[in-house]
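K.L.:
Below is a structure I'd like to ask you about.
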Amino acid sequence: MSNGFPQALQFSFADQVNRMVDWLVLHYGDHLRSVSDQLLQVLVGLENLLRLMPWWLLLAVVGALAWHACRSLLRSCVLVGLLAVIGMLGLWDKLLQTLALVLVSTGLCVLVGIPLGVVLAARPLARRLVMPVLDVMQTLPAFVYLIPVLMLFGLGKVPAVFATLIYALPPLVRLTELGLSQIDPSLLKAAQGLGATRAQRLRRIALPLALPSIMAGLNQSVMMALSMVVVASMIGARGLGEDVLAGIQTLNVGQGVEAGLAIVALAMVIDRISQAYGRGRR
Amino acid sequence: MKRGSSLLLGVLFALGLAAADSASAADQKPPIRFGALTWESGAFTTELLRVIVERGYGYATETLPGSTVSLEVALARNDLQVIAEEWAGRSPAWVKAEQAGQVFALGDTVKHAEEGWWVPAYVIEGDASRNLKALAPELRSVEDLKRYAAVFRDPESPDKGRFLNSPSGWTSETVNSQKLKAYGLDQLYTNFRTGSGAAMDAEIGSAIRRGQPVLFYYWNPTPLMGRYKLVRLQEPAFDAQAWATLTDPANPAPKGSSSLPAKLSVGVSKAFREQYPDVTQVFERVDLPIDTLNQALAQMSEKRTPPRDAALAFMRQHPHVWKAWLPEQVATKVEGGL
């Protein structure tokens, strides 16, 4: 197996990593569990809130949002129809669980991603340091960090949110940074000349101008969050991904296709609405 | 517990095998192909049998990876000759091939293999050395779980306990879900599907290391069983009629029963059985004592030994176990190579 490369130069740090994970679990496991319980409260709360809503109210809210975003009756109807079909397939409750997961992780993405993007656009050194980290976040196979995260934070929704966050954050950061760095510098200079403070320049000029790019990033984040749903179900987070997984594992192709298409439908609904908002405010 | 598989994988695998087949057809005696099993006891047994076949009989062997179902399909087509740990009778692919006479389950390799519900011993007895109190001192059987739902609290719905079921898609997941109903626990415990075997092991391992109570489905022979002190909760004795209600997910009123006693065998193809009668005889006599096996597996997983080294170490430590299966001169030959 390793004959090609000289034996003397080979090394492995697997043991150290294993020992460190064990040590972390032993010493910080309980503390981290209580942190994760707090986050869990938010998630379960949101889920229960969605459950309290009658189904037609949720459809109406989505319809209103779609109308507000794109001002097209046909499109709103199609989007509401897509969601209704998920309900008709008997996947309503799973849809709500997935939606709660995606909403919470996207919310966290916005909280972390946009400020980070702003910092990166302003500070070239930070940009050079953080970019490789973003690469790692996007390419490291999820299970490599999921299992340790799971041992520390417990099985279920919380590690799923972390995994989604790690995977879905980079596009938002990248596109925020891109949008901000593409603004014509003379505009900012002019604002400075008129006496605008740094915060005012950011809020009144830079962010509105970069909004299409930021919304595109947000849209990408949501899409990636949805694509993580199946991986999330592999660590015990319930939702649409669970049905996909069960369908695959029992060769129940039909069940897998139903749940898979439900994920696609949800993605399309969120995508069309968020894209319309990105375009509309230009 | 049967690892699930996807149809696509099976097809790809079969295609790959077909290609490999024609390439090696020129050789006079192709090596005996073993399925590369991924779970610990499977990997261990595979290596153990390979050592015996290679050193005792001088046949070359090799392994091929694949998921359980694709391996079973490959065995039926003789693209593969041996599956060292076959939970015979559990998967439709196997049952069909066995009825058609394409595959054979040899021997009863691990007696008293079992599956059921377990808790760590410290939950019942406490552990003074780790300063753990006995949280459920009278927990003996699944009946008693009704009283202790608060001990196994589920953080996602704190008024219930959490039962770690196997991942959705495993046959055992259906059985466990039905058992929860049968034992009247479905209102008291969340039926928590763990999503994947790795996630399940990580959660159990983490809970045990932190000394937290945890209630889970598991099976034998596994490293976990040899590594930690665990207690299996008593269930009503096995009853075929009740078992039928447990395996049918649509049955609204299942009856409680222990799981069908597991029978582990060596799976071989028809061609192998005809070609290698000497080795077939040995496989029929394979008998691994479960406690010794669990301990060997625990050591293997704790020290992260490659399965081959673990098998060799096991053979050195417990010569009486495997010598009993072999004719004397073969046994001497194998021992000489250790």
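The values are calculated or read from the model by the stated rules, or taken from the named source; none is laboratory data. These numbers were taken from a predicted model, which means no experiment stands behind them. Ideal geometry is used to build each Cβ from the backbone, glycine not excepted, and the neighbour counts take in all protein chains shown.
K.L.:
Check B:Ala93 against each of (1) part of a helix (DSSP H, G or I); (2) modelled with pLDDT of 90 or more; (3) in contact with a helix residue (DSSP H, G or I) (Cβ under 6 Å, 6 or more places away or on another chain); (4) over 27 Å from B:Gly205 (Cα atoms) and name the one condition it does not meet.
P.N.:
Result: B:Ala93 passes all but (2).
K.L.:
Any residue that is in contact with a helix residue (DSSP H, G or I) (Cβ under 7 Å, 6 or more places away or on another chain), at the interface with another protein chain (Cβ under 9 Å from one of its Cβ atoms), among the acidic types (Asp, Glu) and part of a helix (DSSP H, G or I) - is there at least one of those in segment A:165-185?
P.N.:
No, segment A:165-185 has no match at all.
K.L.:
Which residues, taken from segment B:141-171, are within 14 Å of chain A (Cβ to nearest Cβ), of a type in the set (A, V, I, L, M, F, W, C) and closer than 15 Å to B:Val214 by Cβ?
P.N.:
Correct list: B:Phe152, B:Phe163, B:Leu164.
K.L.:
Further question on the same structure: Among the candidates A:Val269, A:Val231, single out the residue that is out of contact with any Ser or Thr (no Cβ under 6 Å at 6 or more places or on another chain) and within 30 Å of B:Val69 (Cα to Cα).
P.N.:
Selected residue: A:Val231, the only one of A:Val269, A:Val231 that is out of contact with any Ser or Thr (no Cβ under 6 Å at 6 or more places or on another chain) and within 30 Å of B:Val69 (Cα to Cα).
K.L.:
Let me ask you something else. For B:Asp186, only one of the following conditions fails: (1) over 18 Å from A:Gly156 (Cβ atoms); (2) buried (at least 22 other Cβ atoms within 10 Å of the Cβ). What is its number?
P.N.:
Here B:Asp186 meets the rest and fails (2).
K.L.:
If you go through segment A:191-210, how many residues are more than 14 Å from A:Pro115 (Cα to Cα) and without any contact (Cβ under 8 Å) to a residue 60 or more places away in the chain?
P.N.:
Within segment A:191-210, residues that are more than 14 Å from A:Pro115 (Cα to Cα) and without any contact (Cβ under 8 Å) to a residue 60 or more places away in the chain number 13.
K.L.:
Here is a further query. For the structure I just gave you, tell me whether B:Thr174 is within 12 Å of another protein chain (Cβ to nearest Cβ), within 24 Å of B:Trp87 (Cα to Cα) and not in a loop (DSSP other than H, G, I, E, B).
P.N.:
yes
K.L.:
Anything in segment B:225-262 that is buried (at least 22 other Cβ atoms within 10 Å of the Cβ) and either outside any loop (DSSP other than H, G, I, E, B) or at pLDDT below 85 (or both)? List them, or say none.
P.N.:
Residues satisfying the conditions are B:Met225, B:Gly226, B:Leu246.
K.L.:
Find all pairs meeting these conditions: Cβ atoms under 8 angstrom apart; at least six residues apart or on different chains; first residue within segment B:193-211 and free of Cβ contacts under 8 Å to residues at least 60 places away in the same chain and more than 7 Å from chain A (Cβ to nearest Cβ); second residue β-branched (Val, Ile, Thr) and surrounded by fewer than 24 Cβ atoms within 10 Å (Cβ to Cβ).
P.N.:
Cβ pairs passing all conditions: B:Ile204/B:Val214.
K.L.:
A further question on this structure: Can you list residue pairs whose Cβ atoms sit under 7 Å apart, with the first residue in segment A:217-236 being within 14 Å of chain B (Cβ to nearest Cβ) and the second being buried (at least 24 other Cβ atoms within 10 Å of the Cβ) and basic (Lys, Arg)? Count only pairs 6 or more apart in sequence or on different chains.
P.N.:
A:Gly236/B:Arg193
K.L.:
Taking the stated definitions as given, is B:Phe216 more than 10 Å from chain A (Cβ to nearest Cβ), free of Cβ contacts under 8 Å to residues at least 60 places away in the same chain, out of contact with any Cys (no Cβ under 7 Å at 6 or more places or on another chain) and surrounded by 23 or more Cβ atoms within 10 Å (Cβ to Cβ)?
P.N.:
Criteria not met by B:Phe216.
K.L.:
Determine if segment A:254-264 includes at least one residue that is away from chain B (no Cβ under 14 Å) and either of a type in the set (Gly, Ala, Ser) or crowded, with 21+ Cβ neighbours inside 10 Å (or both).
P.N.:
yes
K.L.:
Determine whether segment A:155-162 contains at least one residue that is over 16 Å from the mean Cα position of the chain (by Cα) and of a type in the set (A, V, I, L, M, F, W, C).
P.N.:
yes
K.L.:
Return the only residue of B:Ala105, B:Ala113, B:Ala84 being in contact with a helix residue (DSSP H, G or I) (Cβ under 8 Å, 6 or more places away or on another chain), closer than 22 Å to B:Val286 by Cα, part of a loop (DSSP other than H, G, I, E, B) and in contact (Cβ under 8 Å) with a residue 24 or more places away in the chain.
P.N.:
B:Ala113
K.L.:
Any idea which of A:Leu129, A:Leu101, A:Leu125, A:Leu111 is part of a helix (DSSP H, G or I) and either crowded, with 17+ Cβ neighbours inside 10 Å or touching a strand residue (DSSP E or B) at 6+ places or on another chain (Cβ under 6 Å) (or both)?
P.N.:
None of the others qualify; the one that does is A:Leu101.
K.L.:
Among A:Gln200, A:Gln275, which is away from chain B (no Cβ under 12 Å) and over 23 Å from the mean Cα position of the chain (by Cα)?
P.N.:
Only one candidate passes the filter, namely A:Gln200.
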